[in-house]
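Enquirer: Would you mind keeping the following structure in view while I ask a few things?
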Amino acid sequence: MLVALSAVLNDLLSQVEEFVEDATRRIGEVSYAGLGELKSELFGKRSALNVLKKQLGELDETERKAAGQRLNEARGDVGEMLETRADQLEAAARAVRYEAERLDLTEYGETAALGHLHLVTQARDRLEDLFVGMGYEVAEGPEVETAWYNFEALNIPDWHPARGSFDTIFVELGGPEEVMLRSHTSPVQIRVMETTEPPIYIVAPGRTFRSDTADATHLPAFNQIEGLVIDRGITMGDLAGTIDEFVRGFFGTEVKSRLRPSYFPFTEPSAEFDISRPDGSWLELGGCGMVHPNVLRNCDIDPETWQGFAFGFGIDRLAVMRYALDDIRELVNNDVRFLRQF
Ligand code: FA5
């Protein structure tokens, strides 16, 4: 049986067809940049579709069902068309971007370009050279440490609040909080003092880890260089002179440095060491101080006979200063276009 359609329904259905036709044309013509706007025009609150939907209320129940169904189909079809077109446009835009950012990483032909050492490696090598030139030896220690080396022998017992300030990353080995990724290079001081008779003059560069969130001056995996001197009659003056010498050697005379009183459980007195930025502000580079007598005793060294100083600097921060970078994260983004400049 044929039922005559009401004029309202007829009108509504033809408007749906018009909408589909118009949408099809516009989707065919849209550019990548115009996608978002077209989407909201076709499906947003003020779209023709929404207006039509509101008109459904003027129909009786049977007609409303039929019209609603057609409206949904139209919406689905147009949606699919838009998605397909968006995929195509995105792929095309990506292809253009890839082409523009293309890097030739092949190394063949007569003019094969040699790479160079990473900035942090360059800074570390230079630091080693500087200190070896001053009579130091280079020492190493493991990156995974026990609580004894990372904390206890350094005069930081488990109740000590300073443990909290290291944001340590623990490893699931042994008892709770017994094994960790070293949070500084200071444990190498203990390893050297346990196995070497003084006098001791060492530097120990290496990777260190903390659950720090990466920002312009912090990385969760970074590098420090530890220094340790144990000899007879060593004073804070020797420490200050050594730091001065190192700053001049590493940066030249235009960079200033300063020591600020500070606290570390393993040195007494302790200081923090800053260097001047070109804009006149100061960047904290590391800590230092006279080795605490408890630390010497923990390593069977008699503090009545032997004294010494220690320091620990951030190598990544040294590299940031030396190469005038804005952000320490540039060092780990591994963008060859950036790294090639140095
Ligand atoms: C220490 O780690 C002490 N062990 C230093 C020390 C050694 C003091 C010997 C006395 C005697 P501190 O937590 O301040 O101290 O870190 C030393 C330096 O490491 C900082 O000044 C900074 O240059 C660098 N550093 C610390 N955390 C980060 C990080 N998340 N990213 C990059 N560099 C860091």
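Enquirer: Accessible area per residue, 1.4 Å probe, Å², for the stretch 293-341: what's the number?
Expert: On the way: 2450 Å² over 49 residues.
Result: 50 Å² of accessible area for each residue.
Enquirer: With every atom except the alpha carbons ignored, what do you get for Rg and Dmax of the chain, in angstroms?
Expert: Expressed in Å, the Cα Rg and Dmax of the chain come to 34.0, 114.
Enquirer: Taking GluC sites (Glu not before Pro) as exposed when DSSP calls them loop (any state but H, G, I, E, B) and at most 10 other Cβ atoms lie within 10 Å, what is the longest stretch of the chain free of them, the sites themselves excluded? Present the calculation step by step, with values, prior to reporting the outcome.
Expert: On the way: sites that count: GLU101, GLU107, GLU110, GLU172, GLU254, GLU304.
Longest stretch, sites excluded: 1-100.
Enquirer: A follow-up question, please. Counting heavy atoms of the protein chains only and a 1.4 Å probe, report the per residue accessible area for the stretch 85-199 as a whole number of Å². Walk me through the numbers before you get to the answer.
Expert: Details: 7200 Å² over 115 residues.
Heavy-atom accessible area per residue stands at 63 Å².
Enquirer: Quick one: pull the percent of accessible area on the stretch 2-101 belonging to carbon and sulfur, 1.4 Å probe, ligands and nucleic acids left out. Don't skip to the answer; put the middle values down first.
Expert: Working: 3530 of 6880 Å².
Roughly 51 percent, rounded to a whole number.
Enquirer: How about the stretch 184-234: which trypsin sites (Lys or Arg not before Pro) there are in a DSSP loop, with at most 14 other Cβ atoms within 10 Å of their Cβ?
Expert: Working: sites: ARG191, ARG207, ARG210, ARG232; in loops: ARG210, ARG232.
Those satisfying the criteria are ARG232.
Enquirer: Leaving ligands and nucleic acids out of the surface, order ARG277, ARG317 by accessible area at 1.4 Å, largest first.
Expert: Details: ARG277 75, ARG317 50 Å².
Heavy-atom accessible area, descending, gives ARG277, ARG317.
Enquirer: Tell me the label-point distance for the pair ASN50, GLN88, using the 7 Å Cα-to-Cβ offset, in nm and rounded to one decimal.
Expert: 2.8
Enquirer: Using a 1.4 Å probe on the protein chains only, how many percent of the accessible area of the stretch 119-339 belongs to carbon and sulfur? Please report the intermediate quantities before stating the final value.
Expert: Values: 4970 of 10200 Å².
On the stretch 119-339, the fraction of accessible area on carbon and sulfur atoms equals 49 percent.
Enquirer: Can you give me the solvent accessible area of ASP302 with a 1.4 Å probe, rounded to the nearest 10 Å²?
Expert: 70
The values are calculated or read from the model by the stated rules, or taken from the named source; none is laboratory data. Quantities reported herein were computed from a predicted structural model and do not represent experimental measurements. Heads up, the Cβs are rebuilt from the backbone with ideal geometry, glycines too, and the neighbour counts pull from every protein chain shown. Areas reflect the complete protein model, heavy atoms only, side chains present, ligands, DNA and RNA absent. Shrake-Rupley method; radii C 1.70, N 1.55, O 1.52, S 1.80 Å.
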